[in-house]
Amino acid sequence: SAVISQKPSRDICQRGTSLTIQCQVDSQVTMMFWYRQQPGQSLTLIATANQGSEATYESGFVIDKFPISRPNLTFSTLTVSNMSPEDSSIYLCSASHMALEGTEAFFGQGTRLTVV
Amino acid sequence: GENVEQHPSTLSVQEGDSAVIKCTYSDSASNYFPWYKQELGKRPQLIIDIRSNVGEKKDQRIAVTLNKTAKHFSLHITETQPEDSAVYFCAAHSGNTGKLIFGQGTTLQVKP
C-alpha cells in the first residue's frame, strides 16, 4: 500500500495568481498522476508525472498552465498557473507501484481550489 | 484515445436489493479494471479490482465480471445497505501507457 499526503487541502486564490500543490508518498512508487475533479463529476487525468523528465499531458492540458515536477520517486508538485474561476476544482494526486501491469492506485486527500 | 463509459449515472435501490453498474472501455491494451467508491468529500477508495485474465471476482457482497471480447465489465452489489450509498467509479488501466482512465461515475442511493 501507499499513504499519500497532499497539501494544501484547500485554498482560495485570486485570479491571475498561481498555486502549487504538493504530493508526498510514503514509499517509492513507479507511477504518479494528477487528476482534476469538478464538483459532482468524474476524475479527469491531467498528466502523468515522470521522474526526472517532463510530464506527459493529456489532451486539453498544457505545461504552461499546469507545470508538474517530480524530482524523485516519492514527491511531485502540480502548479495551477494564471488562475481563473474556471480552474476552481478539486485536484487529486495519485500513485501506484506498477506501471504496465496495473495495480491499485492510491489517492491523496485532494486540494479544493476556489478562484475568486 | 482511451475512453470509459459508465451507466447508469444514478441508481436508487431499496435496502436489501441488488445494484448493478456497467462500464465499457475502448483501449484494447487495458489489462486491469478497478472499482472505486467515493464518499462525499473523501478520496476515492478501491473496493474491488479484476485483471484481464480473469472473468469474475467476488468479495463478500461485491462482485465484478469482465468480458474482454465485448470490452465490458460490471460491478454487482448484493444485499445493499444504506452505507453503500456513495459515488462509484469504474476505471481501466492501459498496459501500454500505465494510465488509469475513469468512467463518469454512478451515484448509488440505498433507501432504508
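The modelled label-to-label distance for the pair B:ALA29/A:GLN38, using points 7 Å beyond Cα in the direction of Cβ, is 2.8 nm. Approximating the spin labels as points 7 Å out from Cα along Cα→Cβ, the B:LYS42-to-A:MET98 distance works out to 2.5 nm. Other protein chain C-beta atoms within 10 Å of residue C-beta, averaged over A:28-37: 2.
Rounded to the nearest Å, what's the spacing between the alpha carbon centres of region B:1-72 and region A:73-87? Just the number, please. About 29 Å separates the Cα centre of region B:1-72 from the one of region A:73-87. 3J(HN,Hα) along region A:16-30, derived from phi through the Karplus expression 6.51 cos²θ - 1.76 cosθ + 1.60 where θ = phi - 60°, amounts to x, 8, 10, 10, 10, 9, 10, 9, 10, 9, 7, 8, 5, 10, 7 Hz, with x in place of Gly and Pro. With N the number of residues in chain A, Rg(Cα) / (2.2 N^0.38 Å) evaluates to 1.00.
Averaged across the residues of B:92-98, what count of C-beta atoms belonging to other chains lies within 10 Å of each residue's C-beta?
5
Taking all C-alpha pairs of region A:1-53, those more than 13 Å from each other amount to 72 percent. State, to one decimal in nm, how far the label point of B:GLN109 lies from the label point of A:GLN28, with both points 7 Å from Cα in the Cβ direction. A separation of 4.9 nm, rounded to one decimal place. Measuring between alpha carbons in the structure, the pairs from A:LYS7/B:LYS71; B:LYS37/B:LYS58; B:LYS22/B:LYS57; B:LYS42/B:LYS68; B:LYS71/B:LYS111 lying more than 26 angstrom apart are A:LYS7/B:LYS71; B:LYS42/B:LYS68; B:LYS71/B:LYS111. Lacking any other cysteine beta-carbon closer than 4.7 Å, the following Cys residues of the protein assembly as shown have no compatible partner: A:CYS13. Of the GluC sites (Glu not before Pro) found in region B:1-92, those in coil by DSSP whose Cβ has at most 15 other Cβ atoms within 10 Å are B:GLU15, B:GLU39, B:GLU79. Taking θ as phi - 60° and the Karplus parameters 6.51, -1.76 and 1.60, the scalar couplings of region A:50-57 work out to 9, 5, x, 8, 5, 5, 9, 9 Hz in sequence order, x denoting glycine and proline. A full extension of the chain between A:PHE61 and A:ARG10 corresponds to an added length of 16.2 nm, given 0.36 nm per residue minus the alpha carbon distance. Altogether, the Stokes-Einstein calculation at 10 °C and 1.306 mPa s, with the Kirkwood radius of the protein assembly as shown over Cα pairs as Rh, returns a diffusion coefficient of 88 µm²/s.
In Å, what Kirkwood hydrodynamic radius results for chain B from the alpha-carbon pair distances?
14.0 Å is the Kirkwood radius here.
Each value in this text was obtained by applying a stated rule to the coordinates, not by laboratory testing. Since the structure is predicted, the reported quantities are computational estimates derived from the model, not experimental observations. All Cβ positions, even for glycine, are placed from backbone atoms using ideal geometry, and neighbour counts span all protein chains on display.
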